[in-house]
Amino acid sequence: MTRHRRDVLELGGGLLAALSHPAILRGAPSDAVAVVEMAGTARGERVWFRPHGLHVNPGTLVRFVNRDGGNSHTATAYHPDLYGRSLRIPDAATPWDSGFLLPDAQFEVMLTVPGVYDYYCLPHEMAGMVGRIVVGRPTDAGWQGPADDTDDVPEAALNGFAPVDDILAQGTIQQGGEP
């Protein structure tokens, strides 16, 4: 009898955990999850996020998935709390760092604050592996546009950020030269 009760409690706990997932709590439609893949060429001479420019609504869950069979990657927000970097996400937003993701591993973050979020891959920032997510629109209350501070961002990374207007107009932007 005790074993049965524990099984029921474990099942109930798992069900509660599943039902407390942010997308389920929101009653979110299937498009409330946006996927950003991490990829690269077979020999690793080029690496990228796909898409590297993305427009989402506030409250969207963004799932980063490493699809690169030869490299581990991170999805790391530009924020002073993370490696002392300059702030390149909205002031009220929570920074994130996925840690190193091996091939096929994933990481999720929910973006709720309107504005522009710039992020990078820790080991591949110098190669221009950066991305930009635009949450909401400039007319939203509390909107914060792209950061002006470029002092600690390598030129390859600065050149990799898609323009906000292009992201808003197109929804997603793939990096030039991706296979």
Debye intensity ratio in log₁₀ form over the Cα atoms of the stretch 81-162, taken at each q of 0.13, 0.19, 0.23 Å⁻¹: -0.42, -0.90, -1.25
Extension gain (nm, one decimal) between Arg63 and Asp140, 0.36 nm per residue minus Cα-Cα: 25.4 nm
Met110 long-range amide H proximity, modeled H, under 5 Å: Val62
Size of charge dipole - the stretch 70-179 - debye, nearest 20, with Cβ of Lys, Arg +1 and Asp, Glu -1, no other charges: 180
Descending principal axes extents, the stretch 33-111, alpha-carbon based, whole Å: 39, 28, 19
Under the Karplus curve 6.51 cos²θ - 1.76 cosθ + 1.60, θ = phi - 60°, whole-Hz ³J(HN,Hα) for the stretch 93-102, x wherever Gly or Pro sits: 7, 8, x, 9, 9, 6, x, 6, 9, 6
Inter-probe distance in nm under a simple model that places probes 7 Å from Cα toward Cβ, at Thr112 and Glu155: 4.1
Share of carbon and sulfur in the accessible heavy-atom surface of the stretch 101-153 [1.4 Å probe, %]: 52
Accessible surface of His73 - all protein chains present, 1.4 Å probe, nearest 10 Å²: 0
Rg followed by Dmax, in Å, when the stretch 39-179 is reduced to its Cα trace: 14.0, 45
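The values are calculated or read from the model by the stated rules, or taken from the named source; none is laboratory data. Note that this is a predicted model, so its numbers are computed, not measured. Cβ coordinates were reconstructed from backbone atoms using ideal geometry, including for glycine residues, and neighbour counts include every protein chain displayed. Note: accessible area is taken over every heavy atom of the protein model, side chains too, but ligands, DNA and RNA are not part of it. Shrake-Rupley method; radii C 1.70, N 1.55, O 1.52, S 1.80 Å.
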